[in-house]
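For reference, the structure discussed in these notes is given below.
The values are calculated or read from the model by the stated rules, or taken from the named source; none is laboratory data. Note that the structure is a prediction, hence the values are computed from the model and not measured. Note that each Cβ is placed from the backbone with ideal geometry, even for glycine, and that neighbours are counted across all protein chains shown. For the accessible areas, the whole protein counts, side chains as well, though only heavy atoms, and no ligand, DNA or RNA atoms are used. Shrake-Rupley method; radii C 1.70, N 1.55, O 1.52, S 1.80 Å.
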Amino acid sequence: FVDDLQQRSFRYFWEQADPHTGLVPDRARMDGSPLPSSHQNVASIAATGFGLTSLCIAEDRGWVSKAEALERTRNTLRFFDARAYQQHGWFYHWLDAKTGERRWNSEVSSIDTALLLAGVLTVRQCFRNDQEITRLAARIYDRVDFRWMLNGHPLLLSHGWKPESGFLRARWDTYSEDTILYLLAIASPTHPISPASWYALWRDRYRYEGYSYFTTIGVPLFMHQYSHAWIDFRNRRETKGDRIDYFQNSVAATLAHRAFCINLSHDFPAFGPDVWGITASDSAKGYLAWGGPPRDPDIDGTIVPSAPGGSLMFTPELSTRALETLHNRYGAKIYGRYGFVDAFN
């Protein structure tokens, strides 16, 4: 079942991406019907970073040929190297999948560029015998001026920049998915920031149902998952402070979230030990960055399969059982050509 889910999930990145730019759309309808005109051809650079990474997995599993994976990789890197608008190496959050033009008046995004870079560096390592790929990937990463994104602050990076108004006021100042951003910034061979930035992030210590972990209270579960898609935190600890094991921290966060969802069964009887998971997703009201614990007032009985799915590396047995249960119980209503829907009530 997990193999089938993985292959269907990859199929989204392969079929929905523009083959010439490599840009991956933000979304597609499960039934294949067209999106509203405002959403058509809108690509996410973060999704493109995941898409690049998926090419390595697909080539290894034989879902696409080596030649096909290399061609898509080269096309994507060529686009970001030479065609995509960049400001000091940073890219716009949303782009037209076919032309690369800015969409939705989006910002030059620090976190979304970081997720893109994670994919860029993954293909550089995976296809390291291809000289063009390694050269383009290195140039894209080396060009990013991480110090510029500090915008005068000694340690904390800005969320982004807009040509109309300059830097966004918000900074990445708490522990979240931004750990991938800070690791890339500290490691930069050309424009590094201080390692002290890592320790400048505020971390909340939270306890729920016997589980203790560091988090940012109120932030969805994906903040404990995204960086781990690329960084192997196992058996690593910080050298000072709380000396957090971030892998085990995400295990505890997942177990706490599952317990939280089980407790929601008082309000939503479908929830239970094998039906759980809420993280940022679509909803009946549009996109919501919901989660828990603590209880988010918007929670309405919606299940988000990517919540247990994103924690497969932390809780493999529990997450697999949850995904299988959702598949067996709801079938084709929520599971199709590209795997699970984003969310369902």
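Yes/no per residue for (1) open to solvent by 10 Å² or more (accessible area, probe 1.4 Å); (2) aliphatic (A, V, I, L, M):
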residue	(1), (2)
Phe13	yes, no
His20	yes, no
Asp26	yes, no
Ser38	yes, no
Val42	no, yes
Gly49	no, no
Leu52	no, yes
Asp60	yes, no
Ala69	no, yes
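All but one of (1) open to solvent by less than 60 Å² (accessible area, probe 1.4 Å); (2) outside any loop (DSSP other than H, G, I, E, B) hold for Glu317; state the number of the condition that does not hold.
(1)
Can you spot a residue in the range 295-309 that is modelled with pLDDT of 95 or more, under 20 Å from the mean Cα position of the chain (by Cα), of a type in the set (Ser, Thr, Tyr) and within 23 Å of Ile231 (Cβ to Cβ)?
yes
Every residue in the range 238-259 that is free of Cβ contacts under 8 Å to residues at least 24 places away in the same chain and surrounded by 13 or more Cβ atoms within 10 Å (Cβ to Cβ), please.
Once the filter is applied, which keeps residues that are free of Cβ contacts under 8 Å to residues at least 24 places away in the same chain and surrounded by 13 or more Cβ atoms within 10 Å (Cβ to Cβ), the range 238-259 yields Asp245, Gln248.
Provide a single number: the residues in the range 269-297 that are surrounded by 15 or more Cβ atoms within 10 Å (Cβ to Cβ) and under 26 Å from Asp245 (Cα atoms).
9
List, please: which pairs have Cβ atoms under 6 Å, are six or more places apart or on different chains, and start with a residue in the range 125-141 that is in contact (Cβ under 8 Å) with a residue 60 or more places away in the chain and end with one that is assigned to a helix (DSSP H, G or I) and among the basic types (Lys, Arg)?
Cβ pairs passing all conditions: Ala137/Arg124.
Please state which one of Ala259, Ala187, Ala253 is in contact with a helix residue (DSSP H, G or I) (Cβ under 9 Å, 6 or more places away or on another chain) and on the phi < 0 side of the Ramachandran plot.
None of the others qualify; the one that does is Ala253.
Of all residues in the range 320-345, which are in a helix (DSSP H, G or I) and not polar (S, T, N, Q)?
Arg321, Ala322, Leu323, Glu324, Leu326, His327, Arg329, Tyr330, Gly331, Ala332, Lys333
Picking from Ile231, Ile217, Ile262, which residue would you name as being surrounded by fewer than 17 Cβ atoms within 10 Å (Cβ to Cβ) and touching a Leu at 6+ places or on another chain (Cβ under 7 Å)?
On inspection, the qualifying residue turns out to be Ile231.
Which of the residues spanning the range 152-167 are buried (at least 16 other Cβ atoms within 10 Å of the Cβ) and out of contact with any Asp or Glu (no Cβ under 6 Å at 6 or more places or on another chain)?
Answer for the range 152-167, where residues must be buried (at least 16 other Cβ atoms within 10 Å of the Cβ) and out of contact with any Asp or Glu (no Cβ under 6 Å at 6 or more places or on another chain): Leu155, Leu157, Ser158, His159, Trp161, Phe167.
Need at least 2 residues that are more than 23 Å from the chain's Cα centre (by Cα) per element, so show me which helices (runs of 4 or more DSSP H) inside the range 60-173 make the cut, counting only ones lying wholly within it.
Of the helices (runs of 4 or more DSSP H) lying wholly inside the range 60-173, those with at least 2 residues that are more than 23 Å from the chain's Cα centre (by Cα) span 66-78, 131-143.
For Arg8, all conditions in the list (1) more than 25 Å from Ile111 (Cβ to Cβ); (2) open to solvent by 20 Å² or more (accessible area, probe 1.4 Å); (3) out of contact with any Gly (no Cβ under 7 Å at 6 or more places or on another chain); (4) not aromatic (Phe, Trp, Tyr) hold save one; what is the number of the exception?
(3)
Residues to consider are Phe1, Phe91, Phe80; find the one that is under 16 Å from Tyr338 (Cβ atoms), aromatic (Phe, Trp, Tyr) and at pLDDT 95 or above.
Going through Phe1, Phe91, Phe80 in turn, the sole match is Phe1.
From the list Ala196, Ala185, exactly one residue is touching a residue at least 24 places away in the same chain (Cβ under 8 Å), hydrophobic (A, V, I, L, M, F, W, C), open to solvent by 20 Å² or more (accessible area, probe 1.4 Å) and over 30 Å from Phe260 (Cβ atoms). Which is it?
It is Ala196.
Being acidic (Asp, Glu) and either modelled with pLDDT of 95 or more or within 20 Å of Cys126 (Cα to Cα) (or both) is the filter here, so list the residues in the range 6-56 that pass it.
Answer for the range 6-56, where residues must be acidic (Asp, Glu) and either modelled with pLDDT of 95 or more or within 20 Å of Cys126 (Cα to Cα) (or both): Glu15, Asp18.
Is there any pair linking a residue in the range 145-171 that is basic (Lys, Arg) to one that is modelled with pLDDT of 95 or more and assigned to a strand (DSSP E or B), with Cβ under 8 Å and at least six apart or on different chains, and which?
Between residues of the range 145-171 that are basic (Lys, Arg) and residues that are modelled with pLDDT of 95 or more and assigned to a strand (DSSP E or B), the close pairs are Lys162/Val108; Arg171/Ser158.
Taking the conditions exactly as written (surrounded by fewer than 17 Cβ atoms within 10 Å (Cβ to Cβ) and in contact (Cβ under 8 Å) with a residue 24 or more places away in the chain), does Asp300 satisfy them or not?
Against the criterion (surrounded by fewer than 17 Cβ atoms within 10 Å (Cβ to Cβ) and in contact (Cβ under 8 Å) with a residue 24 or more places away in the chain), Asp300 qualifies.
For the range 226-236, state whether one or more residues are assigned to a helix (DSSP H, G or I) and in contact with an Asp or Glu (Cβ under 9 Å, 6 or more places away or on another chain).
yes
Sort out which residues of the range 50-95 are under 22 Å from Pro189 (Cα atoms) and of a type in the set (Asp, Glu), and write them in order of number.
Scanning the range 50-95 gives a single hit, Asp81.
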